[in-house]
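Taking it in order: structure first as structure tokens, then the write-up.
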Amino acid sequence: MTESGPRVFLIAGSADKNSYIRTSMEILANTLRESGAQVDLWDLAEQPLPLLCPSILMATPQSVPFPVHQFTQLAEQADAFVLGSPVYHNSYSGILKNALDLLSSQHLFHKPVALISNGNSDRTACLPCEHLRSVVKGLSAIAIPTQLVTIPADFLPMDNQHVLTNTRLLERFSLLAKELLYFTTFLHHDVQTQVS
């Protein structure tokens, strides 16, 4: 963690360039910046990553495709993560799964992770978050308790983008940002104490 504040890596896992997830990520990114965090946002719709294959796994650092190198470097530098996905077949998106497969537990070890999802109904909208909690654990990271779940009715389409109209959710964004930064500071201090 740098003197200029914790670094948070947000990964938007929707294949749609004009997604509800992207809107939520931008709101959260602004909230985190206002709290003193440095933010990197990777939208997989705008910056797609190659499909994981043996040639990538076996590549030398010099021969790794540039997007993968850039993506893994941001993950390595991050103090915390935010993962966001719409509901895809009652789970999270394949492009987010592929992105996480390009990382290892070394990139996320003991780092806090916030989860965001969007679905068409209250009944299914939380499923990506629930499934990602297990994935985060498998990467030796820590999913924070608070999560953010939205549905299309929370937004209003305007000028080819989505505008959040459910103002009660703004409190949820603020809570999520505060909790993520709290865990980031706590876990960083805990790791530093163990090292020294």
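The values are calculated or read from the model by the stated rules, or taken from the named source; none is laboratory data. For clarity, every value in this text was computed on a predicted model and none was experimentally measured. Every residue, glycine as well, gets a Cβ built from its backbone with ideal geometry; the counts of neighbours run over all protein chains shown. For accessibility, only protein heavy atoms count, side chains too; no ligands or nucleic acids. Shrake-Rupley method; radii C 1.70, N 1.55, O 1.52, S 1.80 Å.
Side notes on the structure shown:
- Placing R0 at 30 angstrom, the Cβ-Cβ distance between Asn18 and His89 gives a FRET efficiency of 0.90 after rounding to 0.05.
- Test item: Cα-centred dipole of the stretch 1-146, Lys/Arg +1 and Asp/Glu -1 on Cβ, debye: 280 debye
- With a Cα cut-off of under 19 Å and a minimum spacing of 8 residues unless on different chains, the lysine pairs in the stretch 7-194 number 5.
- In loop segments of the stretch 83-181 as defined by DSSP, the chymotrypsin sites (Phe, Trp or Tyr not before Pro) with at most 13 further C-beta atoms inside 10 Å of their C-beta are Phe109.
- Residue-span extension gain [Lys137 to Met58] - 0.36 nm each, minus C-alpha spacing: 25.9 nm
- Of all accessible heavy-atom area on the stretch 7-194, the percent that carbon and sulfur account for (1.4 Å): 54 percent
- For Val82, the residues whose modelled amide H falls within less than 5 Å of its own, excluding neighbours fewer than 5 places apart on the same chain, are Phe9, Leu10, Ile11, Ala114.
- For the stretch 103-119, putting each phi into the Karplus relation 6.51 cos²θ - 1.76 cosθ + 1.60 with θ = phi - 60° gives couplings of 9, 10, 5, 5, 6, 10, 3, 6, 9, x, 10, 9, 10, 10, 9, 9, x Hz, in residue order, rounded to whole numbers and with x for Gly and Pro.
- Over the chain, DSSP H runs of length four or greater, each weighted -39,500 (n - 2.57), average out per residue to a 222 nm ellipticity of -13000 deg cm²/dmol.
- Applying the criteria of a DSSP loop state and at most 15 other Cβ atoms within 10 Å to the trypsin sites (Lys or Arg not before Pro) of the stretch 91-143 yields Arg123.
- Phe66 accessible area, assembled protein chains, probe 1.4 Å, Å²: 140 Å²
- Note that the stretch 142-182 carries a Kirkwood radius of 11.5 Å, evaluated over its alpha carbons pair by pair.
- Whole-Hz Karplus values for the stretch 5-14 come out as x, x, 9, 10, 9, 9, 10, 8, x, 9 Hz, taken residue by residue from phi with 6.51 cos²θ - 1.76 cosθ + 1.60 and θ = phi - 60°; glycine and proline positions read x.
- Estimated inter-spin distance, Thr185 and His69, nm [label 7 Å along Cα→Cβ]: 3.7 nm
- Considering only Asn90, Asn160, Asn18, the Gaussian network model of the chain with Cα springs below 10 Å gives its largest mean-square fluctuation to Asn160.
- Of the GluC sites (Glu not before Pro) found in the stretch 1-69, those that fall in a DSSP loop while having at most 11 other beta-carbon atoms within 10 Å are Glu3, Glu46.
- Largest first and in whole Å, the equivalent-ellipsoid semi-axes of the stretch 7-194 read 25, 21, 15, each the square root of five times a Cα gyration tensor eigenvalue.
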